[in-house]
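The values are calculated or read from the model by the stated rules, or taken from the named source; none is laboratory data. Note that the coordinates shown come from a computational prediction; the quantities given were computed from them, not determined experimentally. Because the Cβ atoms are built from the backbone with ideal geometry, glycine has one as well, and the counts that use them run over all protein chains shown.
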Amino acid sequence: MKMKERMNGDVVILEISGDVQGGPDAELFRNKIAELIEKGHRKLLLDLSGVPWMNSTGVGLLVGGFTSFRNAGGTLKLLNVKDRVKSVLMVTKLLTVLDSYYHEEDAVASFE
């Protein structure tokens with residue numbers, strides 16, 4: 001898993017690519033979430049367009065990131081979830097908790 005950070009206004013967009021399966025990537029992801037919160041960011045959009053697959057550990061990472069941001073007074077939302085990943089998120093009912101968007105402009109506007 002690779003991560004690339006960029007900004008759109010006051011929204012941090014974290015572009016994730018590769019399979020999200022835990023392992024060493026889990027610590028990398030958790031550290032990035034903690035770093036963003038520590039820097040005062042409260043709006044995070046995870047762009048999953050480069051994620052072809054996610055296992056249960058990956059789902060756990062999303063839940064952990066969402067919870068961390070919410071506990072810090074922030075919001076985490078999803079962008080460009082691929083069908084294969086979306087099916088995992090639907091089975092786990094995570095899509096009933098996390099907002100998901102297909103267009104960056106819509107996602108960024110939803111934070112207002």
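Hey, among the residues in region 76-96 that are out of contact with any helix residue (DSSP H, G or I) (no Cβ under 7 Å at 6 or more places or on another chain) and not in a helix (DSSP H, G or I), which one's surrounded by the most Cβ atoms within 10 Å (Cβ to Cβ)?
Leu78
Can you tell me how many residues in region 43-71 are out of contact with any strand residue (DSSP E or B) (no Cβ under 7 Å at 6 or more places or on another chain) and surrounded by 18 or more Cβ atoms within 10 Å (Cβ to Cβ)?
Total meeting the criteria: 2.
Name the pairs: first residue in region 95-107 and within 10 Å of Leu79 (Cβ to Cβ) and of a type in the set (A, V, I, L, M), second residue modelled with pLDDT of 95 or more and not in a helix (DSSP H, G or I), Cβ to Cβ under 7 Å, at least 6 apart or on different chains?
Ala107/Leu45; Ala107/Lys77; Ala107/Leu79; Ala107/Tyr101
Select from region 11-47 the residues that are within 13 Å of Glu104 (Cα to Cα) and of a type in the set (Asp, Glu) and list them in ascending order.
Glu15, Asp47
Checking the conditions here, which among Asp83, Asp19, Asp10, Asp106 is under 14 Å from the mean Cα position of the chain (by Cα) and not aromatic (Phe, Trp, Tyr)? It would help to see each step written out before you state the result.
Numbers: Asp83 fails: under 14 Å from the mean Cα position of the chain (by Cα); Asp10 fails: under 14 Å from the mean Cα position of the chain (by Cα); Asp106 fails: under 14 Å from the mean Cα position of the chain (by Cα).
Step by step, each of Asp83, Asp19, Asp10, Asp106 is checked, and only Asp19 is under 14 Å from the mean Cα position of the chain (by Cα) and not aromatic (Phe, Trp, Tyr).
Do you know which residues across region 44-75 are part of a strand (DSSP E or B) and either under 19 Å from Asp25 (Cα atoms) or modelled with pLDDT under 95 (or both)? Quick ask: steps written out before the conclusion?
Residues of region 44-75 that are part of a strand (DSSP E or B), as a first pass: 44-50, 54, 75.
Selection gives Leu44, Leu45, Leu46, Asp47, Leu48, Ser49, Gly50, Met54.
Report, ordered by the first and then the second residue, all pairs with beta carbons closer than 7 Å, sequence separation of six or more or different chains, a first member in region 7-20 that is in contact (Cβ under 8 Å) with a residue 40 or more places away in the chain, and a second member that is in a loop (DSSP other than H, G, I, E, B) and among the hydrophobic types (A, V, I, L, M, F, W, C).
Correct list of pairs: Val11/Phe111; Val20/Met1; Val20/Val51.
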